[in-house]
Structures are given as structure tokens and as C-alpha cells.
Amino acid sequence: MRKFLKRVLHFRENDTLIIAVTIVYSLLYMSFGSTVAYAGVYTDSAHGNKLYGVKRASMGEYAVSNCMHCHGSEAMAGRSVRGRSLPTRDVSSREGNICLDCHTDTNSHQKGGVRNRSYSFRAGGWTADSLDSIQKAFSFTDTSAPSGSSHNLDDIRRFVSDKWRGRYRESSNPCCACHNPHAAQGDPFHTPDSAKRASQRGWPLTLPGKRGSKVAVDILYGDNTSPNERMNNHTYQAPYRYNRIGQNEYEPDGSITTDGSNLTDFVAFCTECHTRSDDITTSNQNIMMDDIGGGSRLVRIDWNLALHGKADGGGKKNPPYTDAKNYVLSCTDCHEPHGSPNLYLIRPEINGASGVALTKNTRDAWNSLCNKCHSSKLAAPYCPGDDGSKVCSGCHYHGKNF
């Protein structure tokens with residue numbers, strides 16, 4: 001094959017080899033009856049968009065969205081190449097992961113930089129949030145944010161490479177556990193124009209267990225190319241956007257849609273890993289559940305039995321929820337997907353209101369969180385025997401129904 005490519009394409013450098021292999025492989029793959037044309041998928045992605053796609057500022061000779069910005073020799077400088085010319089330098093650290101070369105708050109390699117806002121900002125409309133990068137979101141466990149929490153890249157890498165052997169290797173980039181870099185679409189910045197927000201929505205996720213699948217419906221999750229990929233697969237009520245309580249403006253896009261038909265089914269997505277049977281361990285003290293799950297194991301989740309899942313939650317609820325109906329919540333209704341200044345990845349804005357400051361495991365902190373949706377406070381008769389020291393998390397948490 002290499003000799004054939006030399007004759008046909010006359011490449012002389014490794015960069016040209018990468019392009020040649022990509023072109024020939026794509027042509028052969030699409031010619032022999034593949035179920036998805038990757039060229040079309042990539043050009044529809046955030047990285048492959050011809051206007052704002054990947055563009056390494058130091059590689060000006062290549063056009064926007066060109067593969068070389070990630071796979072060229074300069075892009076891979078200092079990274080080991082393991083068989084397929086992929087950048088794999090120390091993928092589990094924030095300093096070494098190539099994705100964070102661009103998705104960072106300072107010194108981004110992307111021309112013009114990249115701004116990735118929090119979910120509270122994008123879906124909740126809480127524009128006061130200053131978080132503006134994925135790298136910063138993964139840094140909430142630093143000493144500068146002692147009460148913050150983040151998904152841990154090394155934990156993710158170890159977990160997925162063990163659970164889905166063959167789809168992931170120990171050298172696989174942990175970002176790829178949730179995102180297919182050649183297909184992931186952008187989710188737009190907040191804008192006051194709700195119609196524009198809805199029209200610009202993108203779908204950035206791929207189910208972890210579908211990594212590498214060539215079936216078109218598996219490439220992205222949430223885009224509804226197959227049924228039941230969105231939250232209207234459950235009995236769902238969308239929360240209010242920030243400062244819009246009592247008004248018809250709901251997450252995630254500020255529209256009047258309330259049934260989750262415009263939101264990825266995060267219950268199905270997150271419980272690909274957070275299951276009732278899988279052990280997820282972490283050294284992150286701010287997301288450990290020592291007093292609940294035991295040791296460094298996170299609490300296992302069975303959303304079919306959980307009170308915020310399909311079990312009957314009961315209790316007094318604040319609008320837009322009603323007491324008469326049990327709702328299945330989306331994980332993102334309460335949690336940031338990458339990291340948060342709060343414990344347990346809790347969002348700083350929930351159901352139209354900010355002020356969630358879960359920096360200490362105290363009564364007031366948990367009341368601040370739970371009372372965004374529950375009107376009953378932590379006091380008798382709701383908690384018989386309360387001596388004034390109990391916190392909501394003592395009895396109510398994923399994995400236990402009180």
C-alpha cells in the first residue's frame with residue numbers, strides 16, 4: 001500500500017502520508033458500501049466546519065478544518081505515535097491531552113481561541129458564569145478550587161478501556177469516551193434570541209459503548225437519527241432558564257418546549273458508565289462518597305429505582321414541577337458534565353436561580369441546592385427526629401431512597 005501511494009500521490013513527507021492514507025481509505029471505504037460517509041460527517045462537525053473549524057494558528061499553510069491541524073507533525077510535536085499517527089502524548093493529564101491544547105482558557109493553539117462555556121451558561125442562560133474553557137472545567141480539583149470537582153481524565157481512561165475492551169485502549173484519549181472528534185457538533189453560545197439558539201443547536205456526544213461503530217445512527221447520540229435519544233423518552237419536565245421563573249422559557253434552548261424533545265437523553269448516556277453494577281473509583285476527594293458508597297467508590301445508580309429517576313419522588317415541588325406527577329430528571333438538570341466549583345459537579349445555577357454554593361457539606365448548602373426544586377425545607381415534619389444538624393445528603397442520594 002505504501003509503495004502504491006508513493007506512485008500515485010508522490011508524497012515525500014510524513015504529513016503527506018497522513019493525508020494520502022486518509023484520502024485513499026475514505027474513497028475505498030465509501031466505495032465498498034459503508035453505512036456512513038465520514039467526509040460528510042466531518043464537514044458537519046465542529047472541527048470540520050469550513051468557517052470556524054480546527055485551525056492551528058502556527059500552521060497557517062493549512063486551511064480551516066484541515067486534518068493536519070491535529071494530525072500533522074507540528075501538531076504532534078512531543079507526542080508518541082502508536083501505529084496510526086494519532087496524537088497520544090500523556091492523554092490522561094490536563095497538561096498532555098491534545099484536546100486541551102485548543103480547548104483551554106489561555107494560549108489556545110486554535111486561531112482566535114475556543115470558548116466552551118458551562119452547561120449552566122449554555123443551557124441555563126446564567127451569563128454571570130465566568131467559566132470559558134474545558135481545561136478550566138477539568139481544573140476545579142486544583143488547590144485553587146478546594147471545594148470544586150471534575151470528572152477525572154485518568155479515571156475515565158481506565159474505566160472505559162476496561163469496560164469496552166476493543167473499542168478503547170489504555171492509550172486512547174479519554175475525551176473520546178464521550179465525544180467523537182470527527183463528528184462532534186458545537187453547542188452554541190447563549191444568545192437572547194431563542195429562535196436563533198434553537199436553530200444553532202448541535203449534538204456533541206457519542207455513546208461510550210458505540211465508539212468506532214460505522215453505523216450511521218451510532219455516530220452521534222441525541223441527534224435523533226434513531227428513536228429514543230432524547231429526554232422525551234421519559235416523563236420529563238424541563239427546568240426554567242435563569243431568571244425566567246414563571247415564564248415560558250426553558251432549558252436547554254430558551255424555547256417553550258418542556259417535554260425534553262430538544263434535549264439529549266442524558267439518563268441513558270450517563271448511565272452507560274454510572275450503572276448499578278459497575279465500580280467507579282476515584283482519588284478526587286470532592287466527588288468521593290466515603291460516607292455513602294464506601295472507600296473511593298462512587299455510589300452506584302439505578303435510575304429505574306431512584307427518586308429523581310423513575311421511582312415516585314412525591315413531596316412538595318416548586319414550579320415548573322407539580323406535586324401530582326413524578327418526573328425523571330436529566331443528569332444535567334443538577335450536574336455540570338465536565339467540572340464545577342461545587343462538590344459532586346453540582347451546577348451553580350439550577351431551575352432558574354443561582355446561588356447554589358455547595359462548597360461545604362452543611363445543612364445550609366444542601367438546602368440551597370434542594371430548595372431550587374423542592375419547597376419543603378429540611379425540618380420536621382419532613383425529617384422526624386431532626387436535631388438541627390441533618391443534611392439532605394444524609395438520607396437522599398443516588399443509590400438510596402429514604
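The values are calculated or read from the model by the stated rules, or taken from the named source; none is laboratory data. Because the structure is a prediction, the values reported are computed rather than measured. As a convention, Cβ positions derive from the backbone with ideal geometry for all residues, glycine included, and neighbour counts pool all protein chains shown.
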Would you say Asp265 is surrounded by fewer than 17 Cβ atoms within 10 Å (Cβ to Cβ) and modelled with pLDDT of 95 or more?
no
Given the criterion of a type in the set (D, E, K, R) and not in a loop (DSSP other than H, G, I, E, B), identify the matching residue among Asp259, Asp253, Asp223, Asp218.
Asp218
Could you check segment 158-174 and list, in sequence order, the residues that are buried (at least 18 other Cβ atoms within 10 Å of the Cβ), of a type outside the set (A, V, I, L, M, F, W, C) and either in contact with a strand residue (DSSP E or B) (Cβ under 8 Å, 6 or more places away or on another chain) or not in a helix (DSSP H, G or I) (or both)?
Ser161, Tyr168, Ser172, Asn173
Is there a residue being surrounded by 19 or more Cβ atoms within 10 Å (Cβ to Cβ) and touching a His at 6+ places or on another chain (Cβ under 8 Å) anywhere in segment 238-260?
yes
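Conditions (1) in contact with a helix residue (DSSP H, G or I) (Cβ under 6 Å, 6 or more places away or on another chain); (2) buried (at least 17 other Cβ atoms within 10 Å of the Cβ); (3) modelled with pLDDT of 90 or more, marked per residue:
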{"residue": "His71", "(1), (2), (3)": "yes, yes, no"}
{"residue": "Ala77", "(1), (2), (3)": "no, no, no"}
{"residue": "Ser80", "(1), (2), (3)": "no, no, no"}
{"residue": "Thr88", "(1), (2), (3)": "no, yes, no"}
{"residue": "Gly112", "(1), (2), (3)": "no, no, yes"}
{"residue": "Gly125", "(1), (2), (3)": "no, yes, yes"}
{"residue": "Ser133", "(1), (2), (3)": "no, yes, yes"}
Does any residue of segment 308-331 turn out to be within 23 Å of Val391 (Cβ to Cβ), charged (D, E, K, R) and at pLDDT 85 or above?
yes
